[in-house]
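First the structure, in the form of structure tokens, and then the observations on it.
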Ligand SMILES: C[S@@+](CC[C@H](N)C(=O)[O-])C[C@H]1O[C@@H](n2cnc3c(N)ncnc32)[C@H](O)[C@@H]1O
């Protein structure tokens, strides 16, 4: 490959990266190899993320932005037959891959849900854990998504957010914390750092009271 070809390829990659940061679109199924590979496994591997979520048999877990099920299968095994995983994704094509995986593994405790986060498709107050791995930056309306996850968790339930540097949608820990705490969560644990981190947030109770409009506040 000549120098100019390399330059063009590097330029196209950079344009794609910047475009994705400015206006994120969900990872298409053809790019699954970007987060299902041996290098990703070192930093955001299945076993590591499961440990950080503090799972136990019988739990109900939301795998939000599950993709083709990289984490869904080990999550389903960890909660066992008395538990349940709801695997939600906005792309029907990735859910078809997930369903193939689930049936190949003979799992009966996974329910797939084709919906966008923040659209109100989730039951309220039922989940012990919500997993958001390499998803937050892809979500256009993060506040609506986080509010929906807040209400979907039972009080005391935990939201585990993992981000990895190099993902065009990467969110820095301080930004994640600010956005997540703004909807009422409380940070309870941090793991990792660079290039990948997980922050665990607890849903302490009910939603914080709606802020009054500015004119009412100044009265
Ligand atoms: C990079 S993949 C991560 C998959 C999985 N969490 C993992 O760790 O292997 C991000 C997934 O989030 C989904 N996603 C992005 N925005 C979403 C939204 N607003 N609602 C539901 N799913 C969304 C995408 O469709 C994609 O499958």
Working only within the range 79-105, note down all residues that are surrounded by fewer than 16 Cβ atoms within 10 Å (Cβ to Cβ), in contact (Cβ under 8 Å) with a residue 60 or more places away in the chain and within 21 Å of residue 148 (Cβ to Cβ).
-> none
So which residues in the range 199-219 are modelled with pLDDT under 95 and part of a loop (DSSP other than H, G, I, E, B)?
-> 205, 206, 207, 208, 209, 210, 211, 212, 213, 218, 219
The residue from 148, 143, 123 that alone is more than 10 Å from the ligand (Cβ to nearest atom), modelled with pLDDT of 95 or more and either crowded, with 20+ Cβ neighbours inside 10 Å or more than 19 Å from residue 85 (Cα to Cα) (or both) is 143
Odd one out for residue 36, checked against (1) within 9 Å of the ligand (Cβ to nearest atom); (2) more than 20 Å from residue 170 (Cβ to Cβ); (3) in a loop (DSSP other than H, G, I, E, B) = (2)
Scanning the range 66-116 residue by residue, those under 16 Å from residue 160 (Cβ atoms) and out of contact with any strand residue (DSSP E or B) (no Cβ under 7 Å at 6 or more places or on another chain) turn out to be 70, 74, 78
Could we say that residue 55 is in contact with a strand residue (DSSP E or B) (Cβ under 9 Å, 6 or more places away or on another chain), assigned to a loop (DSSP other than H, G, I, E, B) and either closer than 28 Å to residue 158 by Cα or at pLDDT 85 or above (or both) here?
-> yes
In this structure, is residue 86 in a strand (DSSP E or B) and more than 22 Å from residue 197 (Cα to Cα)?
-> yes
Enumerate the strands (runs of 3 or more DSSP E) found wholly within the range 107-184, keeping only those where 2 or more residues are under 15 Å from residue 199 (Cα atoms), without any contact (Cβ under 8 Å) to a residue 12 or more places away in the chain and touching a helix residue (DSSP H, G or I) at 6+ places or on another chain (Cβ under 9 Å).
-> none
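Residue by residue, here is whether (1) within 16 Å of the ligand (Cβ to nearest atom); (2) at pLDDT 95 or above; (3) exposed (fewer than 14 other Cβ atoms within 10 Å of the Cβ) holds:
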site	(1), (2), (3)
6	no, no, yes
15	no, no, yes
24	yes, no, no
42	yes, no, yes
49	yes, yes, no
62	yes, yes, no
67	yes, yes, no
74	yes, yes, no
107	no, yes, no
Here the residues within the range 185-198 that are surrounded by fewer than 21 Cβ atoms within 10 Å (Cβ to Cβ), in contact with a helix residue (DSSP H, G or I) (Cβ under 9 Å, 6 or more places away or on another chain) and not in a strand (DSSP E or B) are 193, 195
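The values are calculated or read from the model by the stated rules, or taken from the named source; none is laboratory data. Note that the structure is predicted; figures quoted are calculated from it, not measured. Heads up, the Cβs are rebuilt from the backbone with ideal geometry, glycines too, and the neighbour counts pull from every protein chain shown.
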